[in-house]
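I have placed the structure first, in the form of structure tokens, so that the comments after it can refer back to it.
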Amino acid sequence: MTLDRAKPLLLPIGALLAFEGWARATHLQSDSLAPPSEIVVALAGALADHSILAATRDTLFATFAGLAIGSLIGLALGIAFGISDTLDRLMEVTVEAVRPIPSIALLPIALIALGFGYRMEIVIVAFACIWPILILSRAAVRSVEPRLMEVSRALRLLAAQRVLKIIIPAALPRIFVAFRLSAGIALIVAVTVEIAINPLGLGAGIMLAQQALRPDLMLAYLVWIGAIGYALNMLLTVAQRRLFGRAALSGDSL
Amino acid sequence: MRPGEFLCIVGASGCGKTTALCLAAGLYQPTSGAVTFDGQPMLQPRREIAIVFQDYGKALLPWRTAAGNVSLALEAGGISVTERPARIDALLRKVGLPGHAEKYPAEMSGGMQQRLQIARCLAQEPKALLMDEPFGALDAMTRQGLQDEVLSLVAASNATVIFVTHDLDEAIYLGDRVVGLLPHPGRIGIELAVNLPRPRDQLATREHPEFLRLRRQLFDFIKATEQ
């Protein structure tokens, strides 16, 4: 059983050991590679002097702020477009024209308008998060059981009640999936902005280590960012299971 | 329709039974003519008119408990938070679901779910109750039990009922009047007054000579429409 569970770890651990051995045997001197043992030491050092923790705080702040703003805008638009066909048709061309713009391409404009710092990064992250939430929540609202909409009409629910009591709860499990997707995108975009230009957070940390010719520290940042992305996704997956276990269950039986 | 009347609509599939009900409910608008309620045209659904759908599994909110589902109608009616628990309790008792308030629809049987939907409709304190094949998906025993419960609930509230069904026996058993529809285009093909004594009884009523006569007449009509 434990052996079975350890099997997927066999290959990565083996590869790391082989790399370590190779690096030591050849007395590796490189600006881009470092043996795993040195990466671990660099990571421990960055944790000990809190530099990587401060960078993590900065990156996560921008990530979550952008995610929150982008999600709210995307959700509001998605629900509105899902409910009103007229509005959806009116906005169709606009949305399809703006949506394919890679969010990172906004960087020069955002930089001129807002300068370096959190605000510029948050705006770009938010822009990236709007679209998946908009598209998926619109689809989720559209696929709310039509019978429930008839029930809400028969009960004479007010428009606001209809949205809050029927549409959002019915669409929530699918909206949360969209939120999870966007959270991953938000982290990627935040780090990208930092690597490209913004002098804060984990992305800037990587660039600094690279310019200081510290491949061990650079790779330590890389490993750390991977761990954060993994933890974020795990957290949201667990939250999804806890929050919507029952909804998912009843959704299956419908 | 007379106020307090129990009208049953029968007919072959696709003859417009459900459409007639949705028109009466104000969910659809007629292309010609008018549906009126208390002398006013029905341009949209009204609170005094409650609808019981056949597919209770889709008409109930799966994320709300039984109490929460009944509460939805009270919330729509603007009943204050403090009044709701007592009303919910009384309504669940009325439809035979006391003690199931905290269950979710997915944890209830089909019959219980349909009772719950009826409780939610009664929470509207309707003057008219529109029922679209409400027992079509239930087994025979549950169905008979619910038929009698609906009859006694309706007798107690004096509501007007339109009851759509494909079960001819059920139509005669429940109704004061039975209307048979003809398809293409949907129109009234037969209208029978049911003068059977009330309260009705699953055995005595169904053995009544008048019941058998009406049953024969209705069967012949349906058979003729299917040819």
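The values are calculated or read from the model by the stated rules, or taken from the named source; none is laboratory data. Keep in mind the model is a prediction, meaning the values are calculated, not measured. Counting neighbours? That spans all protein chains shown, and the Cβs are built from the backbone with ideal geometry, glycine included.
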### Message
Quick check on my filter: what residues within the range A:180-190 are of a type outside the set (G, A, S) and surrounded by fewer than 22 Cβ atoms within 10 Å (Cβ to Cβ)?
### Response
A:R180, A:L181, A:I185, A:I188
### Summary
Selection over the range B:38-84 where residues are hydroxyl-bearing (S, T, Y) and part of a loop (DSSP other than H, G, I, E, B) yields a count of 3
## Note on the structure
With the first residue restricted to the range A:157-185 and required to be within 12 Å of chain B (Cβ to nearest Cβ), and the second required to be of a type in the set (F, W, Y) and crowded, with 17+ Cβ neighbours inside 10 Å, Cβ contacts under 6 Å at 6 or more apart or on different chains are A:P169/B:W63; A:P173/A:F244
## Note on the structure
The condition from (1) surrounded by 14 or more Cβ atoms within 10 Å (Cβ to Cβ); (2) out of contact with any Asp or Glu (no Cβ under 9 Å at 6 or more places or on another chain) that A:F81 misses is numbered (2)
### Task
Scan the range A:139-156 residue by residue and report those that are within 8 Å of chain B (Cβ to nearest Cβ), in a loop (DSSP other than H, G, I, E, B) and either surrounded by fewer than 21 Cβ atoms within 10 Å (Cβ to Cβ) or among the small types (G, A, S) (or both).
A:E145, A:R156
### Task
Need at least 2 residues that are under 10 Å from the mean Cα position of the chain (by Cα) per element, so show me which strands (runs of 3 or more DSSP E) inside the range B:124-185 make the cut, counting only ones lying wholly within it.
B:128-132, B:160-164
### Task
Could you list, in sequence order, all residues of the range B:96-135 that are of a type in the set (D, E) and either surrounded by fewer than 18 Cβ atoms within 10 Å (Cβ to Cβ) or away from chain A (no Cβ under 12 Å) (or both)?
B:E102, B:E107, B:E125, B:E133
### Query
Out of all the residues in the range A:32-45, is one or more modelled with pLDDT under 90 and aliphatic (A, V, I, L, M)?
yes
## Note on the structure
Only unsatisfied item for A:N198, checking (1) over 24 Å from A:L111 (Cβ atoms); (2) more than 14 Å from chain B (Cβ to nearest Cβ); (3) assigned to a loop (DSSP other than H, G, I, E, B), is (1)
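For the range B:33-84, give me each residue that is of a type in the set (A, V, I, L, M, F, W, C), within 8 Å of chain A (Cβ to nearest Cβ), within 18 Å of B:G110 (Cα to Cα) and within 20 Å of the chain's Cα centre (by Cα).
Hits for the range B:33-84 are B:I51, B:F53, B:A59, B:L61.
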### Task
Count, please, the residues in the range B:183-210 that happen to be of a type outside the set (V, I, T) and more than 18 Å from B:G11 (Cα to Cα).
15
### Task
Could you tell me whether A:A231 is without any contact (Cβ under 8 Å) to a residue 12 or more places away in the chain and part of a helix (DSSP H, G or I)?
yes
### Message
Taking the conditions exactly as written (assigned to a helix (DSSP H, G or I), out of contact with any His (no Cβ under 9 Å at 6 or more places or on another chain), without any contact (Cβ under 8 Å) to a residue 24 or more places away in the chain and hydrophobic (A, V, I, L, M, F, W, C)), does A:A62 satisfy them or not?
### Response
no
### Task
Could you tell me whether A:L111 is more than 15 Å from A:L134 (Cα to Cα) and either of a type in the set (V, I, T) or in a helix (DSSP H, G or I) (or both)?
yes
### Summary
Of A:S37, A:S71, A:S32, the only residue that is not in a helix (DSSP H, G or I) and not acidic (D, E) is A:S32
### Query
Looking at B:L174, B:L138, B:L182, which is the one that is in contact (Cβ under 8 Å) with a residue 12 or more places away in the chain, crowded, with 17+ Cβ neighbours inside 10 Å and more than 22 Å from B:Q113 (Cα to Cα)?
B:L182
### Query
In the set B:D201, B:D220, which member is surrounded by fewer than 19 Cβ atoms within 10 Å (Cβ to Cβ), part of a loop (DSSP other than H, G, I, E, B) and charged (D, E, K, R)?
B:D201
#### Entry: A:I130 being crowded, with 20+ Cβ neighbours inside 10 Å and of a type outside the set (G, A, S)
yes
### Query
In this structure, is B:R93 part of a helix (DSSP H, G or I), under 26 Å from B:R198 (Cβ atoms), more than 14 Å from chain A (Cβ to nearest Cβ) and not aliphatic (A, V, I, L, M)?
yes
### Query
Where residues in the range B:1-26 are surrounded by 20 or more Cβ atoms within 10 Å (Cβ to Cβ) and in contact with a helix residue (DSSP H, G or I) (Cβ under 7 Å, 6 or more places away or on another chain), which of them is nearest to B:L130 (Cα to Cα)?
B:A25
#### Entry: Filtered residues of the range A:191-208 (kept if without any contact (Cβ under 8 Å) to a residue 24 or more places away in the chain and either touching a Pro at 6+ places or on another chain (Cβ under 9 Å) or surrounded by fewer than 18 Cβ atoms within 10 Å (Cβ to Cβ) (or both))
A:I195, A:M207, A:L208
